[in-house]
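Quick notes on the structure that follows.
The values are calculated or read from the model by the stated rules, or taken from the named source; none is laboratory data. Source: prediction; values computed, not measured. Cβ placement follows ideal geometry from the backbone for every residue including glycine, while neighbour counts extend to all protein chains displayed. Areas reflect the complete protein model, heavy atoms only, side chains present, ligands, DNA and RNA absent. Shrake-Rupley method; radii C 1.70, N 1.55, O 1.52, S 1.80 Å.
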Amino acid sequence: MKALITGGCGFIGSHLAEILLTQGHEVIIIDNLESGRLNNIEHLQSQSGLTFYQYDILDFDKIEPCFKSVDWVFHLAGMADIVPSIDDPGKYYHCNVTGTFNVLEAAKNQQVKKLVYAASSSCYGIPDSYPTPETAEIRPQYPYALTKYMGEELVLHWGQTYKIPVMSLRLFNVYGPRSRTAGAYGAVFGVFLAQKFHNKPFTVVGDGTQTRDFTYVTDVARAFIKAAESSLTGKILNVGSDNHYSINYLVKLLGGEITYVPKRPGEPDCTYADTGKIQKLLDWKPEVSFEDGVSIMLQQLEKWQDAPVWNPDSIKQATATWFEYLGS
Ligand code: UDP
């Protein structure tokens, strides 16, 4: 198949590119390299089936020709992180909503066979039940969550109206090699691994009993491929690990001292996907255990040597607007 990955130089996109190439597919990557990194795909550059374009999904005229005779589109380009989305919602709206619109229009014009969207489980906010099914109420807590959800709505609408076969995968706390090491205060693995490398205490939020559905990146990449291969369309599917793990347990596996930072407003005490639907419809199951995934991350600790090392003071500053706008 000829597959196009938007955001293919990012964390999840680069793993997806790698697996698709291994399976013998042709891969076209579009990435503006704002948060993606070329060295995420360096090890794939020698493969004949790979083409890379440094384009922004907001530049429709540039990206549209890349969709010519493409079979599968994987739309992973987008802006992540909570605090910058509160500070600069316009940027998130343009990238995550208008950018998705552009990708859908290009996919429509070129009549692709399947488009799979990387949606976010943050649309559930603080849900009423665990494990959380796809039918749970939509409660975005900040602009990042809202714009990713708006992107999902566009995808489903384009699928319904223009008959593009589409799937939306709601991802839960994805972690693994090549997760981001720079930029805004964000995902816990990047924060903790840099602290571990520099022998600084882990900044545990609240009392650390909160749990997350940590899902290993290659399991997520396989879900994207299963969704593309499937003949189904218009489905929303949770992608999770089938379990949830406390921050205290993560700290125990990583090993090190602890310091505490206050709980942030709007944060759920638990994320835990009900994966019954994806298991049934796509015959997909997570394969990498949390313990194995964490051990793989620990083996690559030196990758976090240049990552920002957060401490309670710098976290307080970095999350000031979060408390200001979302606090009661
Ligand atoms: N977390 C933490 N210390 C940090 C950053 C995050 O204890 O310095 C916790 C946070 O409270 C949450 C979990 O790690 O329970 C995952 O946080 P992340 O920001 O990675 O994802 P999200 O909160 O969006 O699920």
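Once the cut-off is 30 Å, how many percent of the Cα-Cα pairs in the chain end up in the long-distance tail?
Tail fraction, whole percent: 31.
For region 1-122, what does the relative contact order come out to in percent, with C-alpha contacts under 8 Å and a separation of six or more?
Relative contact order for region 1-122 comes out at 29 percent.
Using a Förster distance of 25 Å, how high is the FRET efficiency between residue 46 and residue 289, based on the Cβ-Cβ distance and rounded to 0.05?
My answer for the efficiency is 0.20.
Please list, short to long, the whole-number percent of alpha-carbon pairs of region 1-120 in consecutive 10 angstrom bins beginning at zero.
Spelled out bin by bin, region 1-120 gives 14, 49, 31, 6, 0 percent.
Can you give the helix-only mean residue ellipticity at 222 nm for the chain, where every DSSP H stretch with n ≥ 4 adds -39500 (n - 2.57) and the sum goes over all residues, rounded to the nearest 500 deg cm²/dmol?
Counting only the DSSP helices, I get -10000 deg cm²/dmol.
Using amide H atoms built in the peptide plane, which far-off residues or other-chain residues are under 5 Å from residue 215 H to H?
The answer is 174, 175.
Does region 74-122 classify as rounded, prolate or oblate by the C-alpha gyration tensor (a ≥ b ≥ c root eigenvalues; a/c under 1.5 gives rounded; else a/b over b/c gives prolate, otherwise oblate)?
Verdict is oblate for region 74-122.
Helix 11-22 versus the longest principal axis of the chain: what is the Cα-based angle in degrees, 0 to 90, to the nearest 10?
50
Where does the charge balance sit around residue 222 when Lys and Arg score +1, Asp and Glu -1, over other residues with C-beta under 13 Å from its C-beta?
Every neighbour counted, the sum reads -3.
Between residue 231 and residue 126, what is the label-to-label distance in nm when each label sits 7 Å out along the Cα-to-Cβ direction?
Each label point is offset 7 Å from its Cα along the Cβ direction, giving 4.5 nm.
Residue by residue, what Karplus-based ³J(HN,Hα) values in Hz, rounded to whole numbers, does region 180-196 have, using 6.51, -1.76 and 1.60 with θ = phi - 60° and x for Gly and Pro?
Result, ordered by residue: 4, 10, 10, x, 5, 4, x, 2, 4, 4, x, 5, 5, 5, 5, 5, 5 Hz.
To the nearest 10 degrees, how steeply does helix 99-109 sit against the main Cα axis of the chain, on a 0 to 90 scale?
Tilt relative to the chain: about 20 degrees.
Report the normalised scattering of region 165-273 as log10 I(q)/I(0) at q = 0.12 Å⁻¹, calculated by the Debye formula with identical scatterers on the alpha carbons.
For region 165-273 at q = 0.12 Å⁻¹, log10 I(q)/I(0) is -0.49.
Contact order normalised by length for the chain, with contacts defined as Cα pairs under 8 Å and 6 or more residues apart; what percent is it?
Rounded, it is 18 percent for the chain.
Using a 1.4 Å probe and counting only protein heavy atoms, arrange 75, 94 so the residue with the most accessible area comes first.
94, 75
Pull out a ≥ b ≥ c, the square roots of the eigenvalues of the alpha-carbon gyration tensor of region 27-70, then state rounded if a/c is under 1.5, prolate if not and a/b is larger than b/c, and oblate in the remaining case.
Oblate is the answer for region 27-70, as a/c is 1.5 or above yet b/c matches or exceeds a/b.
Set the Förster radius R0 to 45 Å, insert the Cβ-Cβ distance between residue 311 and residue 157 as r into 1/(1 + (r/R0)^6), and round the FRET efficiency to 0.05.
E between residue 311 and residue 157, to the nearest 0.05, is 0.50.
Rolling a 1.4 angstrom probe over the protein chains, ignoring ligands and nucleic acids, what is the accessible area of residue 95 in square angstrom, nearest 10?
For residue 95, solvent-accessible area is about 20 Å².
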